[in-house]
Amino acid sequence: MIIGASSFAGTLAELSDEVQSVELYMPKLHVYKGSKLDRGALTAILDELSTLDLMTSIHAPYSAMSPTYPKDLQVDTSDMNPQDFRLMGESIELAATLGSKAVVLHPGRINGNHELAFTRMVSNLKKLASQAADCGVMLGLENKEGTDPTNLCCQAEELVAAVEAVNSDNLKITLDIGHANLTCGADSEKLRDFVKTVAPYAIHMHMHDNGGKWTSNYDGDEHLAPGKGTVDYKVLKEIPNYCGIYNMEVFSMEDVFCGKATLLKYLGKH
């Protein structure tokens, strides 16, 4: 079992004392000046990583409404231009350099026409998967929260349909348990069915918690420590052969400590 945490939860040194892996969150890693990669800043991070015993995953840029998200790193996988492909390519290339376990991608946005947005996303994902194959990198398409009606791939069936349409050995699924909980309205049976549906394709996981319902705070996507919300973590038993990272998407070391205890409890490791 590999437990990890996102890079915004603490310093690399702090994380290395508590988890086995770090997810390098590219939009907020401070390695971009505008949309241009600052290779000096990135090299400093890679140098520090080389001194630590940490595996890695990468979270690629995506589309976000948050005012704190860097405006020059917005990438909607349903509507990509050459700069967007360059940004995503830089995440894929970094993953190849580090031997990262996965590169996390967000699905696209529904900009008026659901079917057209889905079709364009699949076309763009095919191009990204081809680049990933050339680099020997695995991509994980993440399910988004159903409390935001502009998101594609909130439901398990549509997420699987996207992966099957791309039809690449280098594109599978990042199961985000917090997003699934919101989509399922904190109903443990619905969550169990969701997990069972995506289980054959899951190569990476995001672990965080919430109240299971829409709120004005990020549509309910609170990113609490696992165990501090309504997620039924017993559903993790529905993926018995999973060997990827359980990455905690939380915002502090305190949440890392708490979330780690919860995951160890429900995964049967005391």
Practice problem: Please work out how much accessible surface C243 shows to a 1.4 Å probe, ignoring ligands, DNA and RNA, in Å² rounded to 10. | Solution: 120 Å²
Quiz item: Per the Kirkwood formula on distinct C-alpha pairs, the Rh of region 153-261 is how many angstrom?
Solution: 14.1 Å
Self-check item: the chain, accessible surface, carbon-and-sulfur percent (1.4 angstrom probe)
Solution: 49 percent
Exercise. Would you tell me the accessible area of T197, worked out with a 1.4 angstrom probe on the heavy atoms of the protein chains, in Å² to the nearest 10?
Key: 50 Å²
Practice problem: With a ≥ b ≥ c taken as the square roots of the eigenvalues of the C-alpha gyration tensor of region 1-87, please select rounded if a/c is under 1.5 and otherwise prolate if a/b is larger than b/c or oblate if it is not? | Solution: prolate
Exercise. At 1.4 Å probe size, with every protein chain present, just tell me what the per residue accessible area of the chain comes to in Å².
Key: 43 Å²
Practice problem: Starting from the Cα of K190, draw a straight line to each of the lysines and keep only those under 19 Å, dropping any in the same chain fewer than 8 residues away. | Solution: K144, K213, K234, K237
Practice problem: With runs of 4+ DSSP H residues as the only contributors, calculate the mean residue ellipticity of the chain at 222 nm using -39,500 (n - 2.57) per run, divided by the residue total and rounded to the nearest 500. | Solution: -11500 deg cm²/dmol
Quiz item: Between E14 and S66, how many nm apart are label points set 7 Å from Cα along the C-beta direction?
Solution: 1.6 nm
Practice problem: Output the Cα-based Rg and Dmax of the chain in Å, rounding Rg to one decimal and Dmax to a whole number. | Solution: 17.1, 48
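The values are calculated or read from the model by the stated rules, or taken from the named source; none is laboratory data. Since we're looking at a predicted model, the values are computed, not measured. Every residue, glycine as well, gets a Cβ built from its backbone with ideal geometry; the counts of neighbours run over all protein chains shown. In case anyone asks, the SASA skips ligands and DNA or RNA and just uses the protein heavy atoms, side chains included. Shrake-Rupley method; radii C 1.70, N 1.55, O 1.52, S 1.80 Å.
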